[in-house]
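> So that we are looking at the same thing, I have put the structure below in structure tokens.
The values are calculated or read from the model by the stated rules, or taken from the named source; none is laboratory data. Treat the numbers as computed from the prediction; the structure is a model and nothing was measured. In this analysis, Cβ positions are derived from the backbone assuming ideal geometry, glycine residues included, and neighbour counts consider all displayed protein chains. SASA here: full protein model, heavy atoms, side chains in, ligands and nucleic acids out. Shrake-Rupley method; radii C 1.70, N 1.55, O 1.52, S 1.80 Å.
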Amino acid sequence: MSRYDDVNKRMAHSNPQEEQFIMYLEWQKISYHHIGFQNRYTEDEWKKLNSSLKKIPDFMAWIDGIPKFYEVKGVNETFMLKTYAHKMCGKWQKMHPVIYALYDFRFKDFVLKDWKVIDEFAKGFQEEFVKDVDAKILPMDEIREL
């Protein structure tokens, strides 16, 4: 989360990519828990949470008896890899696998990529200040091919 992040604004909107991910998991008959923060916190409530809790990935699913964590993002032609959030996923990766579930609005499907794969790919891109965060802009067509 950026210091410029407007929690009230972000939490006031629905999250269609997470809704699609739930349908995907249920269609695949995968046991899951929606552990990330849904649209219900205010700025004041958010500030009172421990910073570790704010960085929890969106979902945990059991795949072949192993818990895997999923960070769900909506994308179009590009994936805006937010540097700070990506580093926090890396900390989770040390304990359990973290997968980016990138919902491509163009094709109405998910591209599932391991954190390590995205991290390696992102090394070839420069960080820039986009909207309100430092991020790397990664082309989705290339991510699909990884």
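> If you check Pro57 against the conditions, is it part of a loop (DSSP other than H, G, I, E, B) and either touching a His at 6+ places or on another chain (Cβ under 8 Å) or open to solvent by less than 40 Å² (accessible area, probe 1.4 Å) (or both)? Can you show your working first?
Working: part of a loop (DSSP other than H, G, I, E, B): yes; either touching a His at 6+ places or on another chain (Cβ under 8 Å) or open to solvent by less than 40 Å² (accessible area, probe 1.4 Å) (or both): yes.
Judged against the criteria, Pro57 is a match.
> Can you tell me which condition Asp119 does not meet? The list is (1) open to solvent by less than 60 Å² (accessible area, probe 1.4 Å); (2) of a type outside the set (A, V, I, L, M, F, W, C); (3) more than 19 Å from Glu18 (Cα to Cα); (4) not in a helix (DSSP H, G or I), and all the others hold.
Going through the list (1) open to solvent by less than 60 Å² (accessible area, probe 1.4 Å); (2) of a type outside the set (A, V, I, L, M, F, W, C); (3) more than 19 Å from Glu18 (Cα to Cα); (4) not in a helix (DSSP H, G or I), Asp119 breaks only (4).
> Quick check: anything in region 70-92 more than 17 Å from the chain's Cα centre (by Cα), over 22 Å from Ser14 (Cβ atoms) and not in a strand (DSSP E or B)? Talk me through it step by step, then tell me what you get.
Going through region 70-92, the residues more than 17 Å from the chain's Cα centre (by Cα) turn out to be none.
No.
> Within the set of pairs 6+ apart or on separate chains, which have a first residue in region 21-49 that is farther than 17 Å from Ala61 by Cα and surrounded by 13 or more Cβ atoms within 10 Å (Cβ to Cβ), a second that is modelled with pLDDT of 75 or more and not hydroxyl-bearing (Ser, Thr, Tyr), and C-beta atoms under 8 Å apart?
These pairs meet every condition: Tyr41/Leu49.
> Lys108 is checked against (1) surrounded by fewer than 17 Cβ atoms within 10 Å (Cβ to Cβ); (2) touching a His at 6+ places or on another chain (Cβ under 8 Å) and fails just one. What number does that condition carry?
(2)
> Further, regarding this structure: Scan region 116-144 for residues that are closer than 21 Å to Phe69 by Cβ and free of Cβ contacts under 8 Å to residues at least 40 places away in the same chain and jot them down.
Those that are closer than 21 Å to Phe69 by Cβ and free of Cβ contacts under 8 Å to residues at least 40 places away in the same chain: Lys116, Val117, Ile118, Asp119, Glu120, Phe121.
> Pairs please, first residue from region 101-113 and more than 18 Å from Gln28 (Cα to Cα), second anywhere and modelled with pLDDT of 95 or more and open to solvent by less than 20 Å² (accessible area, probe 1.4 Å), Cβ atoms under 8 Å, 6+ apart in sequence or on different chains.
Asp104/Val75; Asp104/Val111; Asp104/Met140; Phe105/Val75; Arg106/Met140
> Another question, if that's okay. Looking at (1) surrounded by 19 or more Cβ atoms within 10 Å (Cβ to Cβ); (2) touching a residue at least 60 places away in the same chain (Cβ under 8 Å), which is the one condition that is false for Thr78?
(1)
> Ok, one more. Does Asp64 qualify as being free of Cβ contacts under 8 Å to residues at least 40 places away in the same chain, closer than 30 Å to Glu26 by Cα and among the acidic types (Asp, Glu)?
So Asp64 fits the description; yes.
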